[in-house]
Amino acid sequence: MVTPTAERHYWIFSADPHHYHWDTLFVKGKEMWQGAGAKPDAIRALKQVRKGDRVLCYHSAPERSLYSIAEVTRDPYADPHDHKGKSLVADLRAFEKLPRQVTLAEMRANPVLKKMKLLKNVRLIISAITDAEYQEILRMAGIVATPGIPLP
């Protein structure tokens, strides 16, 4: 079932490419993402994520760039590997790699993106973005809308 665009939310999920490279998701196609760990701010944000939401996959240092798009295929749930029950995970499906990575510096230089939470705190693991910010990032990455066809 496809989530209607009006109900879909957009997120940036960050990962350190030395620990988890987003290519892993593309090799596997679908994966349980454990990037939130037990960090309280990440858990709070992940609780708002829903099946059908789109995720921009961000590589933190040293790359500091948006790499690809994924789709949430299941509402977040308790991490089956966390016996203390404090961690949440989400199932992600690889959607598409960005034709061109968008760097943190490019995002900071774009006035349309000036209110993005990630730009105020690059340590955020999960951050919500608006539909307008999502569309602008896709434009920056080289994904252009075709009339009558919704963007990914």
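The values are calculated or read from the model by the stated rules, or taken from the named source; none is laboratory data. It should be emphasised that the depicted structure is a prediction, and the values quoted were computed from it without experimental measurement. Here Cβ is always computed from backbone atoms with ideal geometry, including for glycine, and neighbour counts include all displayed protein chains.
Could you list, in sequence order, all residues of region 97-115 that are surrounded by 16 or more Cβ atoms within 10 Å (Cβ to Cβ) and over 19 Å from Trp22 (Cβ atoms)?
Result: Asn110, Leu113.
Here's the yes/no breakdown for (1) over 25 Å from Leu113 (Cβ atoms); (2) among the aliphatic types (A, V, I, L, M); (3) under 14 Å from the mean Cα position of the chain (by Cα):
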{"position": "Lys28", "(1), (2), (3)": "yes, no, no"}
{"position": "Leu46", "(1), (2), (3)": "no, yes, yes"}
{"position": "Tyr58", "(1), (2), (3)": "no, no, yes"}
{"position": "Ser65", "(1), (2), (3)": "no, no, yes"}
{"position": "Thr73", "(1), (2), (3)": "yes, no, yes"}
{"position": "Tyr77", "(1), (2), (3)": "yes, no, no"}
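Answer yes or no: is there a residue in region 142-152 that is closer than 16 Å to Tyr58 by Cα and either at pLDDT 95 or above or assigned to a strand (DSSP E or B) (or both).
no
Taking the options Ala70, Ala94, Ala90, name whichever one is modelled with pLDDT of 95 or more, surrounded by 19 or more Cβ atoms within 10 Å (Cβ to Cβ) and touching a Ser or Thr at 6+ places or on another chain (Cβ under 8 Å).
Sole residue among the options that is modelled with pLDDT of 95 or more, surrounded by 19 or more Cβ atoms within 10 Å (Cβ to Cβ) and touching a Ser or Thr at 6+ places or on another chain (Cβ under 8 Å): Ala94.
Which residues, counting only those in region 87-108, are more than 16 Å from His59 (Cα to Cα) and of a type in the set (Lys, Arg)?
Arg93 - this is the single residue of region 87-108 that is more than 16 Å from His59 (Cα to Cα) and of a type in the set (Lys, Arg).
Spot the failing condition for Ala61; the list is (1) surrounded by 13 or more Cβ atoms within 10 Å (Cβ to Cβ); (2) within 21 Å of Asp23 (Cα to Cα), and only one is missed.
Exception for Ala61: condition (1).
I want to confirm something. Restricting to region 84-114 and keeping residues that are touching a helix residue (DSSP H, G or I) at 6+ places or on another chain (Cβ under 9 Å) and without any contact (Cβ under 8 Å) to a residue 12 or more places away in the chain, which single residue is farthest from Arg50 (Cα to Cα)?
Applying the filter and picking the extreme gives Arg108.
Within region 3-25, take every residue that is at pLDDT below 95 and farther than 20 Å from Ala61 by Cα and give me the one that is surrounded by the most Cβ atoms within 10 Å (Cβ to Cβ).
Here the residue is Arg8.
How many residues are part of a loop (DSSP other than H, G, I, E, B) and not polar (S, T, N, Q) when one looks only at region 69-90?
Final tally of qualifying residues: 8.
Which residues, counting only those in region 25-49, are in a helix (DSSP H, G or I), in contact (Cβ under 8 Å) with a residue 12 or more places away in the chain and either under 13 Å from Leu92 (Cβ atoms) or aliphatic (A, V, I, L, M) (or both)?
Those that are in a helix (DSSP H, G or I), in contact (Cβ under 8 Å) with a residue 12 or more places away in the chain and either under 13 Å from Leu92 (Cβ atoms) or aliphatic (A, V, I, L, M) (or both): Leu25, Phe26, Lys28, Ala42, Ile43, Ala45, Leu46.
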